[in-house]
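The values are calculated or read from the model by the stated rules, or taken from the named source; none is laboratory data. Small disclaimer: the values here were computed from a predicted structure and weren't measured. Note: ideal-geometry Cβ built from the backbone for every residue, glycine included; neighbour counts use all protein chains shown. These area figures cover heavy atoms from the full protein model, side chains too; ligands, DNA and RNA do not enter into them. Shrake-Rupley method; radii C 1.70, N 1.55, O 1.52, S 1.80 Å.
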Amino acid sequence: MTAAATSRREIAPSSTPADKAFRGTVRGAAVLALSVMGLIGVFLFLRALPALQVTGWRFLTTAEWLPGVGHFGVAAVLEGTILIAGIALLVAVPVGFGASIWIAEYAPRHLRPALVSLVDLMAAVPSIVYGLWGFFFVQPHLIPVSRWLSENLGPALPFLRVDNAETDSSFASSAFIAGCVVGVMVVPTVTSIMREVFSQAPTGEREAALALGGTQWAVVRRVVVPFGRSGIIGGSMLGLGRALGETVAVYLIISPVFAVTTHPLQSGTHTISALIATLSTESSGVALSGLLAAGLVLFLFTLLVNAGAAVVVNRSRSGQVTG
Amino acid sequence: MNEPALLAPVTPRTAVRPHLVADQVSAWFGDHQVLEDITLTVHNSTVTALIGPSGCGKSTFLRILNRMHEMVPGASLAGRVLLDGEDIYERRVRPTDVRRTVGMVFQKANPFPAMSIADNVVAGLLITGRKTADKDALIERSLRRAGLWKEVENRLRTPAGTLSGGQQQRLCIARALAVDPEVLLMDEPCSALDPTSTRRVEETISEISHEVSVVIVTHNMQQAARVSQRCAFFLAEDGEPGRIVEQGQTYGVFNSPTDPRTADYVAGRFG
Ligand SMILES: Nc1ncnc2c1ncn2[C@@H]1O[C@H](COP(=O)(O)OP(=O)(O)OP(=O)(O)O)[C@@H](O)[C@H]1O
Ligand SMILES: [Mg+2]
């Protein structure tokens, strides 16, 4: 045996010209998609620069929006955005989780295809439709709920108290109601993703749980949910992404206020996307640049959330954690 | 192919009585009939082997015995399955109770991959909400019976998904043994195992058959001869549903089959 044959060699899979051509094409597409993302970031940053030069880091800590005197920032609108998205998730994740488990595990088999299409269809309904529905139907019906929460839980939880509680308008345009409407809006998205993952839970493991004497509930708890962990997180994060960016529904319901929202049941809050939608046509110069800076903040925040989600999803998929 | 030396008739250890009886069972997937008129008695303290060519309905029959068959959409069946004299397909019988009593090892290993090896062994208790006095002892005893203990005793907390295919199958055997079933259905439990593990599993089958009635599907004639006292030969002839061609004492089926098709099959001439 020669030395060449016994010494350690580099080995790598070789590929055919067709493989190479295909790889080149998909790589090009991936680069294109990523560079669009990058270009958006660069564009936002360049256009935001004039405003950021005026305010400096105070842009992140200022609640007011007075570009005329150079005193403006995203503290209030960013907090409002996160608050409304958080309330939306509180509504959407439990409902979406339950609905997806039901469709994947309990619904009559012959109904499932129809239910799946229905949910996907609902996810595709334009947000203006949800916004109008929220404005004309949900808002009036949630005012008594808000009042009940405020009266019964307010004494114990000060942040649920509302000033001028006699009038409905003190409740009508709150972060809570906007969050609920956005929550309903993202339920189909959350449901769709979770159901997709749950329905892929391996037959073998389901049968193992059943054959040990498990009930349908045991199958859900021990097989479907552990298997779908990444889908639960992924669905929630996609829902959060939609909720953070939601404009129309929020815009129709809230009454804009440039102050950090401390009382979610009280009318008056604001979000980044609603801010941009209300002011972009009437702003110019530094004011317009400020709006783009707010957009940049939302963009970076969304990236951060998604990166965090990716880390969590990857970690849970390796199967190291058990419930 | 077969080794007569291994085929001495076995004297039953305790009073033998019918434990699980299939009575004129037929089965369908949709409109496709796969089993017809299967009548078979599984005695207690006895290992019953089901043999026959691929696709003749052995797995389907096994799944009928613990009500797993009905989990396939569109599946149906006719006939009765009596467990200690009671039809398990009667309305008031709960399938979960049947499956608790009649355990199963599947043809394809199906551990819970994200659960630890130890948790997998006691998954049956976890799933049915039962407790045990000494969990660690139960885990060790079950793993030993499945011939897996030595390989995993130092990694009981790692996820079962990290085991090899054959190790996963033995883990499934341990999991099925840990819940102390009265009847154990094993669908080709050794098809992915090396000779040593196979030997260990066969020993376990012999040990547990004192208390547990075992039904084992196998493609290995020597294994059928080694472990079983009774044997049934299934056959599905072209386009026909599967039927039992011959059944009885394993010794008789292997050494003096009455049907020429059985003789051909056990001699390895087809299938
Ligand atoms: N889920 C199913 N849906 C439809 N047909 C099925 C299903 N499972 C099995 N069959 C059919 O039923 C027949 C018997 O299958 P079964 O798995 O019981 O055979 P088997 O004897 O266990 O074969 P093998 O030795 O290969 O495991 C086959 O014709 C198969 O195609
Ligand atoms: Mg089979």
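Odds and ends about this structure:
- Checking each residue in the range B:127-163 for being among the β-branched types (Val, Ile, Thr) and under 13 Å from residue B:174 (Cβ atoms) picks out B:139, B:152.
- Some residue of the range A:13-25 being open to solvent by 30 Å² or more (accessible area, probe 1.4 Å), of a type in the set (Ser, Thr, Tyr), in a helix (DSSP H, G or I) and free of Cβ contacts under 8 Å to residues at least 40 places away in the same chain: yes
- Only one entry of A:183, A:204 meets the criterion of being buried (at least 24 other Cβ atoms within 10 Å of the Cβ) and of a type outside the set (A, V, I, L, M), and that entry is A:183.
- Taking (1) in contact (Cβ under 8 Å) with a residue 60 or more places away in the chain; (2) in contact with a helix residue (DSSP H, G or I) (Cβ under 9 Å, 6 or more places away or on another chain) in turn, residue B:204 satisfies each apart from (1).
- In the set (1) crowded, with 20+ Cβ neighbours inside 10 Å; (2) touching a Ser or Thr at 6+ places or on another chain (Cβ under 8 Å), the condition left unmet by residue B:234 is number (2).
- Of all the listed residues (B:76, B:59), the sole one being within 16 Å of ligand 1 (Cβ to nearest atom), without any contact (Cβ under 8 Å) to a residue 60 or more places away in the chain and either buried (at least 18 other Cβ atoms within 10 Å of the Cβ) or farther than 30 Å from residue B:264 by Cα (or both) is B:76.
- The criterion of at least 3 residues that are more than 18 Å from the chain's Cα centre (by Cα) and either within 29 Å of residue B:176 (Cβ to Cβ) or more than 14 Å from chain B (Cβ to nearest Cβ) (or both) is met, among helices (runs of 4 or more DSSP H) falling completely within the range A:203-255, by A:203-211, A:216-219.
- Any hit, the range A:213-224, residues being closer than 23 Å to residue A:78 by Cα and either aromatic (Phe, Trp, Tyr) or touching a residue at least 24 places away in the same chain (Cβ under 8 Å) (or both): no
- Taking the listed residues B:88, B:64, B:117, B:38, the one that is among the β-branched types (Val, Ile, Thr), within 14 Å of chain A (Cβ to nearest Cβ), open to solvent by less than 20 Å² (accessible area, probe 1.4 Å) and over 20 Å from residue A:213 (Cβ atoms) is B:117, with no other qualifying.
- For the range B:181-216, taking the residues that are buried (at least 24 other Cβ atoms within 10 Å of the Cβ) and within 16 Å of ligand 1 (Cβ to nearest atom), the one that is nearest to the other protein chains (Cβ to nearest Cβ) is identified as B:185.
- Any hit, the range A:243-262, residues being touching an Asp or Glu at 6+ places or on another chain (Cβ under 7 Å) and hydroxyl-bearing (Ser, Thr, Tyr): yes
- Identity of the residue in the range B:97-108, outside any helix (DSSP H, G or I) and at the interface with another protein chain (Cβ under 8 Å from one of its Cβ atoms), that ends up nearest to residue B:213 (Cα to Cα): B:103
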